[in-house]
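Report on the structure given below.
The values are calculated or read from the model by the stated rules, or taken from the named source; none is laboratory data. Predicted, not measured: the structure shown is a model, and the values here were computed from it. Quick reminder, even Gly has a Cβ in these numbers, built from the backbone with ideal geometry, and neighbours come from all protein chains shown. Please note that ligands, DNA and RNA were not included when accessible areas were found on the heavy atoms of the full protein model with its side chains. Shrake-Rupley method; radii C 1.70, N 1.55, O 1.52, S 1.80 Å.
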Amino acid sequence: MHQIKIFKALESDLTSFEKQINSWLAGSGVKIINIFGNVAAQSMPMDEKNIAISKGAWAPSDVVVFVHYETA
C-alpha cells in the first residue's frame, strides 16, 4: 500500500532536519518510491505598527520533504 510521510522544518535547522528524516528512513523498514521537497519563504513577523521585523535580513524559510513509500 502506498503512503506519504511529510516532514517540515525551518531552513535554519537543516542538520537536525536531515537527522530526523534519516532516522525515520533507517527505522521504518519501508520501500521508498520517491522523495521530494520544497522551500517556501515565510512571512516576516510584524510589530505593532505593521512593520516587518526579523533578526536577520530574511526570515527563515519553511522546508518540506515528502516521502512516498510502500508498506509490506
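Can you tell me which residue within the range 49-72, out of those that are in contact with a helix residue (DSSP H, G or I) (Cβ under 8 Å, 6 or more places away or on another chain) and in a loop (DSSP other than H, G, I, E, B), is modelled with the highest pLDDT? Write out each step before concluding.
Let us first name the residues in the range 49-72 that are in contact with a helix residue (DSSP H, G or I) (Cβ under 8 Å, 6 or more places away or on another chain), namely 60-63, 65, 67, 69.
Retained after the next criterion (residues that are in a loop (DSSP other than H, G, I, E, B)): 60-61.
Details: Pro60: 81, Ser61: 87.
Among residues in the range 49-72 that are in contact with a helix residue (DSSP H, G or I) (Cβ under 8 Å, 6 or more places away or on another chain) and in a loop (DSSP other than H, G, I, E, B), the one modelled with the highest pLDDT is Ser61.
When both residues are 6+ apart or on different chains and their Cβ atoms are under 9 Å apart, which pairs have a first residue that lies in the range 1-15 and is closer than 14 Å to Gly29 by Cα and touching a residue at least 40 places away in the same chain (Cβ under 8 Å), and a second that is of a type in the set (Asp, Glu) and open to solvent by less than 80 Å² (accessible area, probe 1.4 Å)?
Every condition considered, the pairs that remain are Met1/Glu70; His2/Glu70; Gln3/Glu70.
How many residues, within the range 1-21, are open to solvent by less than 80 Å² (accessible area, probe 1.4 Å), modelled with pLDDT of 95 or more and not in a strand (DSSP E or B)? Let's see the steps before the verdict.
So the first thing to find is which residues in the range 1-21 are open to solvent by less than 80 Å² (accessible area, probe 1.4 Å), and the list is 3, 5, 7, 9-10, 13, 16-17, 21.
Add one more test, that the residue is modelled with pLDDT of 95 or more, and what stays is 3, 5, 7, 16-17, 21.
Checking which are not in a strand (DSSP E or B) leaves us with 16-17, 21.
Selection size over the range 1-21: 3.
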